[in-house]
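Colleague: Shown below is the structure under consideration.
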Amino acid sequence: MKHDGARASSLATPEERTAMREKMRNAATPEERQKIAEANHAEMQKRAKEKGITLPEARGPHGRHGKHAAPAAPAAEQPKN
């Protein structure tokens, strides 16, 4: 599915983004973080629809889009620590 290049975070206020980061930090388990992220994405999808914007799919638990998404960049292109 094509999307408009919009990011869900662009539909949230700075205060909402700060609150979301805090909720994610305070989540006790990866499952709790995933539920918070899914709820946030659903809200951003609702706002996007109201503005006529299509967002990309929600990211998975490892920061990837969709269920079987490939990493953003091949290992050779990722920065070295």
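The values are calculated or read from the model by the stated rules, or taken from the named source; none is laboratory data. The shown structure was predicted, so the numbers you read here are calculated from the model rather than taken from an experiment. Cβ coordinates were reconstructed from backbone atoms using ideal geometry, including for glycine residues, and neighbour counts include every protein chain displayed.
Colleague: Evaluate the following for Ala48: is it at pLDDT 55 or above, in contact with a helix residue (DSSP H, G or I) (Cβ under 8 Å, 6 or more places away or on another chain), part of a loop (DSSP other than H, G, I, E, B) and surrounded by 14 or more Cβ atoms within 10 Å (Cβ to Cβ)? Quick ask: steps written out before the conclusion?
Modeller: Working: at pLDDT 55 or above: yes; in contact with a helix residue (DSSP H, G or I) (Cβ under 8 Å, 6 or more places away or on another chain): yes; part of a loop (DSSP other than H, G, I, E, B): no; surrounded by 14 or more Cβ atoms within 10 Å (Cβ to Cβ): yes.
No, not satisfied.
Colleague: Could you tell me whether any residue of the range 16-29 is assigned to a loop (DSSP other than H, G, I, E, B) and surrounded by 13 or more Cβ atoms within 10 Å (Cβ to Cβ)?
Modeller: Taking the range 16-29 first, the residues assigned to a loop (DSSP other than H, G, I, E, B) are 27-29.
With surrounded by 13 or more Cβ atoms within 10 Å (Cβ to Cβ) added as a condition, the list becomes 27.
Yes: one or more hits.
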